[in-house]
Amino acid sequence: MENPITVEVTRGQLVESRHRGLAIVVDAEGKIVFSAGDVDAGVFPRSACKAMQALPLVESGAADAYGFGNRELALACASHSGEPEHVATAAAMLKAAGRDESVLECGAHWSSHQAVLIEQARTLDKPTALHNNCSGKHSGFVCTCCHTGEDPRGYAGFDHPLQQAIRAIMADLTGAVLSRDNCGTDGCSIPTYAVPLIGLARGFGKLATGSGLEPIRAAAARRLINACMAEPFYVAGTRRFCTKLMQVAPGKIFAKTGAEGVFCALLPDKGLSFAVKAEDGATRAAEAMIAALLARHFDEGSAEHTTLTGMSRHGMSNWNGLHVGTIRVTDVLFA
């Protein structure tokens, strides 16, 4: 099945580039509200599923034992920009468990926020694992292990008890069979599994509604989603798309990006779950797609609808500030 063109990029009066994509919206019962493309195709959620991976932190009691609030829980679900607040919060999480950055297995990289990167280059010899965009998630992993008595060493490995637990959680939520056959290695070194896009959307729907989940998991899921919506900066960072989406309608939108053109979102109050994948892995396409789908579920003319529509169709400027083209979703997403 050939996926439809969902996003176009214009220059002047012509279409310069096209992105094919797949997208799905499901309701609180998991029924399809909208779909485009091959939504049964397996995709790697990458970082989009971090809220699922953070469930053991809450379910185990570790979050409460270490006194974590919304910021820490949001960071555990984050792909942050490595800004000072993110780094400090990850370090504090580890300190609460009596650990430091040396235990992190995510690797190190510079901040993705240019102003912060420049400051880091001026003041640091090199970045540490705390600056990694996944340091909050990995700090949550370490805290979970420390609280439950598991040795955190090797926590990123396929066979570590923590990863086994996460694999079982994700299989339960998505309905997919997860094994080495559909497993890859994520950028932060933990296992990542290809699951059908429809399964990913339904899994997030369960996080929002608690449908079909044991009470402890339903409560943990809602707590994580609420924490992210309460502290959107800690989910991403300055001028990041996840943060901006959640700031459009505080407490009403949950949004999380993943690498290679994946994006997931929730409208918890409406019981709607969203998942998109840009076939070519383009972030700009995934961002436009998710914004357009979210806009459809706000009243036309409302501030939310106007802002989200603008995020799904916006101009591009060159270095002189001249308008040169537009990134826009196609009519496929409005069928």
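Taken together, A265, A286 contain a single residue that is under 14 Å from the mean Cα position of the chain (by Cα) and either over 22 Å from V58 (Cα atoms) or modelled with pLDDT under 95 (or both), which is A286. Can V7 be described as more than 21 Å from K206 (Cβ to Cβ) and touching a helix residue (DSSP H, G or I) at 6+ places or on another chain (Cβ under 9 Å)? The answer is yes for V7. Taking the conditions exactly as written (out of contact with any Pro (no Cβ under 7 Å at 6 or more places or on another chain), surrounded by 20 or more Cβ atoms within 10 Å (Cβ to Cβ) and in contact (Cβ under 8 Å) with a residue 40 or more places away in the chain), does F254 satisfy them or not? It is false that F254 is out of contact with any Pro (no Cβ under 7 Å at 6 or more places or on another chain), surrounded by 20 or more Cβ atoms within 10 Å (Cβ to Cβ) and in contact (Cβ under 8 Å) with a residue 40 or more places away in the chain.
Of the helices (runs of 4 or more DSSP H) lying entirely inside segment 235-335, those carrying at least 3 residues that are among the hydroxyl-bearing types (S, T, Y) are 303-312. Here L173 does not qualify as hydrophobic (A, V, I, L, M, F, W, C) and either touching an Asp or Glu at 6+ places or on another chain (Cβ under 8 Å) or without any contact (Cβ under 8 Å) to a residue 24 or more places away in the chain (or both).
Of all the residues in segment 92-120, those that are among the small types (G, A, S) and part of a helix (DSSP H, G or I) number 4. Against the test of being in contact (Cβ under 8 Å) with a residue 60 or more places away in the chain, among the β-branched types (V, I, T) and within 21 Å of I166 (Cα to Cα), the options V25, V39, V58 yield a single qualifying residue, V58.
Scanning segment 102-115 for residues that are without any contact (Cβ under 8 Å) to a residue 40 or more places away in the chain and surrounded by 20 or more Cβ atoms within 10 Å (Cβ to Cβ) turns up L104, S111. Taking the conditions (1) surrounded by fewer than 24 Cβ atoms within 10 Å (Cβ to Cβ); (2) assigned to a loop (DSSP other than H, G, I, E, B); (3) in contact (Cβ under 8 Å) with a residue 60 or more places away in the chain in turn, E8 satisfies each one other than (2). Listed by first and then second residue, the pairs with beta-carbon distance under 7 Å, at least 6 apart or on different chains, first residue in segment 85-99 and open to solvent by 60 Å² or more (accessible area, probe 1.4 Å), second of a type in the set (A, V, I, L, M), are R99/V142.
Every residue, every condition in (1) crowded, with 17+ Cβ neighbours inside 10 Å; (2) part of a helix (DSSP H, G or I); (3) hydroxyl-bearing (S, T, Y), yes or no:
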{"site": "C143", "(1), (2), (3)": "yes, yes, no"}
{"site": "H147", "(1), (2), (3)": "yes, yes, no"}
{"site": "R153", "(1), (2), (3)": "no, no, no"}
{"site": "A156", "(1), (2), (3)": "yes, no, no"}
{"site": "V177", "(1), (2), (3)": "no, no, no"}
{"site": "C188", "(1), (2), (3)": "yes, no, no"}
{"site": "T192", "(1), (2), (3)": "yes, no, yes"}
{"site": "I198", "(1), (2), (3)": "yes, yes, no"}
{"site": "G203", "(1), (2), (3)": "yes, yes, no"}
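Residues in segment 121-141 that are surrounded by 14 or more Cβ atoms within 10 Å (Cβ to Cβ) and either part of a loop (DSSP other than H, G, I, E, B) or not small (G, A, S) (or both): P127, T128, L130, H131, N132, N133, C134, K137, H138, F141. Any idea how many residues of segment 162-175 are open to solvent by less than 40 Å² (accessible area, probe 1.4 Å) and either in contact with a Leu (Cβ under 9 Å, 6 or more places away or on another chain) or acidic (D, E) (or both)? Of the residues in that region, 7 qualify. A single entry from Q163, Q114, Q120 fulfils the requirement of being on the phi < 0 side of the Ramachandran plot and at pLDDT 95 or above: Q163.
The values are calculated or read from the model by the stated rules, or taken from the named source; none is laboratory data. Everything quoted here is computed from the prediction, not taken from an experiment. Cβ sites come from the backbone with ideal geometry, for glycine too, and all protein chains shown count toward neighbours. For accessibility, only protein heavy atoms count, side chains too; no ligands or nucleic acids. Shrake-Rupley method; radii C 1.70, N 1.55, O 1.52, S 1.80 Å.
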